[in-house]
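Q: Sending over a structure as structure tokens; questions will come in a sec.
The numbers here are math on the coordinates, done by the rules we state, and not lab data. Since the model is a prediction, treat every value here as computed from it, not as a measurement. Using ideal geometry, Cβ is built from the backbone for each residue, glycine included, and neighbour counts are taken over all protein chains shown.
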Amino acid sequence: MKKWQCVVCGFIYDEALGLPEEGIAAGTTWDSIPDDWECPDCGVAKADFEMMEL
Amino acid sequence: MCDYDVVIIGTGLAGYSLAREFRRLDKHSRIVLLTADDGRSYSKPMLSSALKQGKTADTLAMANAEKMQETLSTSIITNCTVEKIDTEAKQIFTNKDTYQYKNLVLAVGAQPIRLPIQGEGAKDILSVNNLTDYAVFRRHLSSAKHVAILGPGLIGCEFANDLLHADKQVTVIGPDHYPLSTLLPETVGTALQAALTAKGVTWHLNTVVESVDKTPKNYKLVLKNGVCIEADVVLSAVGLRPDIRLAEAANLTTNRGIMTDKFLQTSAKSVYALGDCAEVEGKNLPFVAPLMQGAKALAKTLTGDATAVDYPPMPVVVKTSFYPLVILPPAPFLVGQWVSDSHAEGIYARYENEEGQLVGFALSGAATADKQKYVKLMSD
């Protein structure tokens, strides 16, 4: 499972953990998250995330 | 004379985010961004965790101006100093060219506040509010062992935390009783102080720097309480003031910031303000989340769909990795009190109004994992 980091604020989306409070189940891959999803910390668009090296 | 549909002054997060949001809706209107610097795009929040991330000023830069021009399909004029804005003729005079606009967006950010300090070392005090400043800071840091930071606020504490990752000795100085005193209840502020002290940070609170003298080796700081400190680098992080110079000269209504309504429009029709320079319906919120909300709303407004900015609860994340914080400060006019639930791993602090409703919060350490839950509680 991969981790994705918001390039603006550093928020990390961990595929293994998901975001249950937002209805994104643990194990949800980055690709499966809708395109209109935004960073929960800063509001930046999904397209502006970067894959973080593990 | 260059004619544009939209002129944006500033290529920080606000200017570039607005251009990006605009282009999602409109790929053809002519846009130019004017910037006094080199136009490199970067994230300001990342400056204060760069050492931990192993980044340099150059690797913090995400794209240069040329790449941004291509990506955004806009013109970008770098090293451009705006001299005057004529809101009647809708013209902008600069050291490069004169630009004609249909709509103008001021995204000029804020300037670091510089305290009046005596001594020949005072002029060497650094402040970091952009990538260029950061490059200078890192150059001085490479040979430094001890850094003195003026200002135990959000930026000061993030930098203190980050310097620990580079094994620097850190001293933080300021008049506050405890760190982040304007945002945090005392329980959380003192817990942050203790956590950073445990990692080696020295604090001189309840005092200010009176003078900074220069020696052949380093700097000598004399504090009002009589304490003398030696440091290799002195970093000032005492606060920001919105940059209202161009707005004032153009006779726009200003207060602390450039005043706008909920559509981000200033007192001049067709002139808008966004980001750290803006005071939207009386609120100046120098953080990323309000900026992003503003950029999205303004892009719609500029493309014909007038949209008021919407500010949902937007917690501030403080990247003090050794003791992280998530803060949703209560609105200034709200009457209430802080109620803290402290554990060794972290604190849950609620700001409750007279009816006992949650109108603000501060979470620290392990408690920050519950931030979404608290945001939801605020929205209910």
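Q: Using only the alpha carbons of chain B, what is the convex hull's orientation-averaged projected area in square nanometres? Before the final figure, lay out the partial values.
A: Working: hull surface 78.5 nm².
With the hull built on Cα positions only, its mean projection is 19.6 nm².
Q: Dividing the Cα radius of gyration by the Kirkwood radius, what Rg/Rh value follows for the range B:68-224? Intermediate values should be presented prior to the final figure.
A: Numbers: Rg = 20.5 Å, Rh = 18.8 Å.
Expressed as Rg/Rh, it is 1.09.
Q: Translational D (Stokes-Einstein, µm²/s) of the range B:324-379 at 20 °C and 1.002 mPa s when Rh comes from the Kirkwood sum over C-alpha pairs? Before the final figure, lay out the partial values.
A: Working: Rh = 11.2 Å.
D = 191 µm²/s.
Q: OK, next. Starting from the 7 Å offset along Cα-to-Cβ, what nm value, one decimal, do you get for the label separation of B:ARG245 and B:THR207?
A: Roughly 3.5 nm, to one decimal.
Q: Rounded, prolate or oblate: which fits chain A when a ≥ b ≥ c are the square roots of the eigenvalues of the alpha-carbon gyration tensor, with rounded for a/c under 1.5 and prolate only if a/b beats b/c?
A: Here chain A falls in the oblate category.
Q: Just to verify a number: FRET efficiency for B:ALA198 and B:THR71, C-beta to C-beta distance, R0 = 41 Å, to 0.05? Each step should come with its number before you reach the end.
A: Working: r = 44 Å, r/R0 = 1.07.
Computed FRET efficiency for B:ALA198 and B:THR71 comes out at 0.40.
Q: Quick check: Cα centre of the range A:5-54 to Cα centre of the range B:172-200, how many Å?
A: 31
Q: Ok, one more. Report the Cα-based extents of the range B:1-66 along its three principal axes, largest first, to the nearest Å.
A: 43, 26, 16
Q: Grab the beta carbon distance between B:ALA344 and B:ALA308, set R0 = 51 Å, and tell me the FRET efficiency rounded to 0.05. Let's see the in-between values first.
A: Values: r = 44 Å, r/R0 = 0.87.
Taking R0 as 51 Å, the efficiency between B:ALA344 and B:ALA308 is 0.70.
Q: If each residue's Cβ is checked for other Cβ atoms within 10 Å, how do B:LEU325, B:LEU334 rank with the fewest at the top?
A: Details: B:LEU325 30, B:LEU334 14.
Sorted ascending by nearby Cβ count, the order is B:LEU334, B:LEU325.
Q: Could you tell me what a quarter of the Cα convex hull surface of the protein assembly as shown works out to, in nm² with one decimal place?
A: On the way: hull surface 86.9 nm².
Its Cα hull, projected and averaged over all orientations, spans 21.7 nm².
Q: Still on this structure: Can you give me the distance in nm between label points at B:ASP380 and B:ALA135, each placed 7 Å from the Cα along the Cα-to-Cβ direction?
A: Simple spin-label model gives 5.1 nm for this pair.
Q: What GluC sites (Glu not before Pro) does the range B:336-379 have in DSSP loop regions with at most 13 other beta carbons within 10 Å? Show your work: numbers first, answer last.
A: Details: sites: B:GLU345, B:GLU352, B:GLU354, B:GLU355; in loops: B:GLU345, B:GLU354, B:GLU355.
Hits after loop and neighbour filter: B:GLU345, B:GLU354, B:GLU355.
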